[in-house]
Structure formats: structure tokens, C-alpha cells
1. When you scan segment 1-53, how many residues do you find that are of a type outside the set (A, V, I, L, M), out of contact with any Pro (no Cβ under 9 Å at 6 or more places or on another chain) and in a helix (DSSP H, G or I)?
2. All but one of (1) part of a helix (DSSP H, G or I); (2) modelled with pLDDT under 95 hold for Thr219; which doesn't?
3. So, Leu253, is that one outside any helix (DSSP H, G or I) and in contact with a strand residue (DSSP E or B) (Cβ under 7 Å, 6 or more places away or on another chain) or not?
4. What's the number of the only condition in (1) surrounded by 20 or more Cβ atoms within 10 Å (Cβ to Cβ); (2) under 27 Å from Lys72 (Cβ atoms) that Arg257 fails to meet?
5. Quick one: how many residues across segment 260-284 are in a strand (DSSP E or B) and buried (at least 21 other Cβ atoms within 10 Å of the Cβ)?
6. Could you go through segment 125-146 and let me know if any residue there is in contact with a strand residue (DSSP E or B) (Cβ under 6 Å, 6 or more places away or on another chain) and over 25 Å from Arg257 (Cα atoms).
7. Of everything in segment 56-79, what is at pLDDT 90 or above and assigned to a loop (DSSP other than H, G, I, E, B)? Give them in sequence order.
8. Can you pull out the residues in segment 63-88 that are touching a Gly at 6+ places or on another chain (Cβ under 8 Å) and either among the hydrophobic types (A, V, I, L, M, F, W, C) or at positive phi (or both)?
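The values are calculated or read from the model by the stated rules, or taken from the named source; none is laboratory data. The structure displayed is predicted, hence computed values, not measured ones. Here the Cβ is made from the backbone with ideal geometry for all residues, glycine too, and neighbour counts use every protein chain on show.
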Amino acid sequence: MTLNIQPTDLTLGATVTGVNLAALDEAAWRSIESAFYTYGVLVFPQQHLSAEAQLAFASRFGEIEVLVEGMKTVPLSNKAEDGKILEASSDRMKLLKGNEGWHTDSSYMPLAAKASVLSAHVVPSVGGQTEWADARAAYDALDQPMKNRLAKLVATHSYFYSQAKLGHEVKAGSGYGFFEGEPPRRPLVKVHPNTGRPALYIGRHAGQIEGLSMAEAETLLDELMAFICQPPRLLTHTWTPGDVVLWDNRCLLHRARPYDYREARVMMHTRIKGSPATETALNF
């Protein structure tokens, strides 16, 4: 097989073919790593990775975040353990629906995520796509007065806050691994540790901005979100079973799209921890 990396005509994203992620040689790995930093999100069609192979691929990018106790690759699924479709009113389904809001993974944790790997196993007949938005290109497109305004702003990030806005109260000790301490504080502009490119670092978990009222903060965040998430900074992927997607949480937002929740959707998710040197929440 010959590795082929085909960029989109957008500001982000590329499709990678001619490679078996379960058996990467060093040359292919280096090409993929370079493309990851360049394009932010890479789509690998028809890989059909086992959970073990997905974990091995994700581990090339760094230490894995344990999302559920004892599990490093976890199902994002509307199917219960007995195979039945979850009730829409269930806590797990409300958490899945929360993923339909724009976000970056683990920004609500003391150590935010570096990257994520998601694979499709069962997909609905319509809908259920995943979208990514390029927060690097969005920052580049801001005018200088807005860049100056954002330069020193800091926001708190909380899963409890973002789910509460949807009317879903996440209970402490729920077992989903959410951080229950003081919400982490993060700058609205993040400089990528590998590329040096600044990006807007917001998403649905971002709430209070220091120095602004809550109403002012929400208005600013809504304006920035709308600015980020529009063409040509927007990539949509319609899943086929076997597809694998890798993306950089440090410079992109992503969200799941709705579908008929009476149909099964089974995805497998692996999340890579960020470096403590660059992804630790502000503590001053």
C-alpha cells in the first residue's frame, strides 16, 4: 500500500488512505504525525480497528486518559449493556446529547486532552455525523482589536455548567470521571505547543470569564463560537462502519450531530492526555 494524504479544500482536515493503522511502520507513522499537526483532523476510512489496535494507535500520541475506571477505550453508544436502546431520559443519553454542543475534550479537567481517536462500529441510517471547527483559522481571521481584547481573558470550564445549561444535573460521584473540584481556568487564546499557532480555546464547557459579568461572558462566547463554526472552517464527516478519525483538541472544536435515537449508534473513543507542561489549568 502507498500512503496517501488528501487535504480537504477547507482550512482543516485530510483523508488518509493506503495505510493499515494496526500495523504502522515508522515512515507511515511520521507522515501521519506531521499531517496531524498540519490539518488538525485526519479521517482514516475502513480501518475496522479492534479496541486493542485503536488503543495502540492512540498511544503513539501520548499517555491515555482513563475516562471510565478500568477502561482506556470506551463506547459512546445509545445501547445499554443488555443491547436495548437507552431511554431518552436516562443520564447516559443526556450525556451523549451533550456531545452535540461544540466542545473540546477534557477542558473541564485539570489536565486537558491533547487528542482524541473515534471509530465507528454501528451507525444510524441518517444523521449522527461528527463535525469539527478550526479555531486556529478563526483566530487568524479576527480583527486586531478583538485579538487585543481576548489576549488576557481567562474562562472557567465545567462539565456541570455545560450540562446544567441543557437542563441536565450531573450528580457528584456519578462515576463518569468528571472533575468535581474548583473549575479549571483557561485562557481564551491558546498557543499550540507544537506549531506555535494561536487558536481560540472555548466550547460549551467555558462559562465565567474573569472581569466580565456572566451575561457579558456568555454574549462574547456565543459570538466567538458562531464566528469559529462557519465555512471554510467547518468539516463534517458522515460515518461508515470501520472509519477512524483522529483530531487535535488543542486547536479544534467538535460536536456530534443528532439522529433518530431509536436507532443504534456505537462509537469507540480513546482520549490522549495533554502534556502537563502545556495543558494544565491556570493556577494563578
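1. 9
2. With respect to (1) part of a helix (DSSP H, G or I); (2) modelled with pLDDT under 95, Thr219 is out only on (2).
3. Values: outside any helix (DSSP H, G or I): yes; in contact with a strand residue (DSSP E or B) (Cβ under 7 Å, 6 or more places away or on another chain): yes.
In short, yes.
4. For Arg257, the failing item is (1).
5. So the answer is 4.
6. no
7. Listed by number, the residues that qualify are Arg60, Phe61, Gly62, Glu63, Asn78.
8. Just the residues of segment 63-88 that are touching a Gly at 6+ places or on another chain (Cβ under 8 Å), to begin with: 66-69.
Answer for segment 63-88, where residues must be touching a Gly at 6+ places or on another chain (Cβ under 8 Å) and either among the hydrophobic types (A, V, I, L, M, F, W, C) or at positive phi (or both): Val66, Leu67, Val68.
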